[in-house]
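Step one of this worksheet: look at the structure below.
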Amino acid sequence: MVLKIRLARFGRTNAPFYNIVVAHARTARNSKPLEVIGTYDPIPKPDQFDGSGKLHKDITLDSLRAKYWIGVGAQPSDTVWRLLSMVGILAPKQRSGQRQTPPTPATKATQDAAASSSQA
């Protein structure tokens, strides 16, 4: 059976809170998961330890269990993929709307010059 790492929504109306869960792909969003590996609070809050007033979103994650489930073959949803790439577990995913621009001739010439100087 296919496993998914996805978000299960909790919290009140207009105050969402998510658990990052591992569940079977065919089960409902808020059904009982196999394991809860973390939480995500998408509402920005000021950092209590930083006096600069910057807002941040809380992500708590058991990285060892996340790596285990990915190694076993669990497929993360797009949102969870983004969260795991923020933490550093997965590489960032290229979005279909983004195009990779080819290198400009000046950039290519600079790269070729650097490559030839390193060979010398």
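Which one is surrounded by the fewest Cβ atoms within 10 Å (Cβ to Cβ) among residues in the stretch 53-83 that are touching an Asp or Glu at 6+ places or on another chain (Cβ under 8 Å), not hydrophobic (A, V, I, L, M, F, W, C) and not in a strand (DSSP E or B)? Among those residues, the one meeting the criterion is LYS54. Could you tell me whether PRO76 is under 28 Å from ARG9 (Cβ atoms), under 13 Å from the mean Cα position of the chain (by Cα) and modelled with pLDDT of 85 or more? Taking the combined requirement at face value, the residue satisfies it. Filtered by the rule that a residue be among the charged types (D, E, K, R) and either loosely packed, with under 10 Cβ neighbours inside 10 Å or over 17 Å from VAL72 (Cβ atoms) (or both), the stretch 1-52 gives ARG9, ARG12, ARG26, ARG29, LYS32, ASP41, LYS45, ASP47, ASP50.
Contact map, the stretch 29-41: first residue farther than 21 Å from LYS57 by Cβ, second residue surrounded by fewer than 16 Cβ atoms within 10 Å (Cβ to Cβ) and of a type in the set (Val, Ile, Thr), Cβ cut-off under 9 Å, separation 6 or more or different chains; pairs are PRO33/THR27.
Which ones in the stretch 4-32 are among the basic types (Lys, Arg), over 15 Å from the mean Cα position of the chain (by Cα) and part of a strand (DSSP E or B)?
Within the stretch 4-32, ARG9, ARG12 meet the criteria.
The values are calculated or read from the model by the stated rules, or taken from the named source; none is laboratory data. These numbers come from a predicted model, not from an experiment. Positions of Cβ are backbone-derived with ideal geometry, glycine not excepted, and every protein chain shown enters the neighbour counts.
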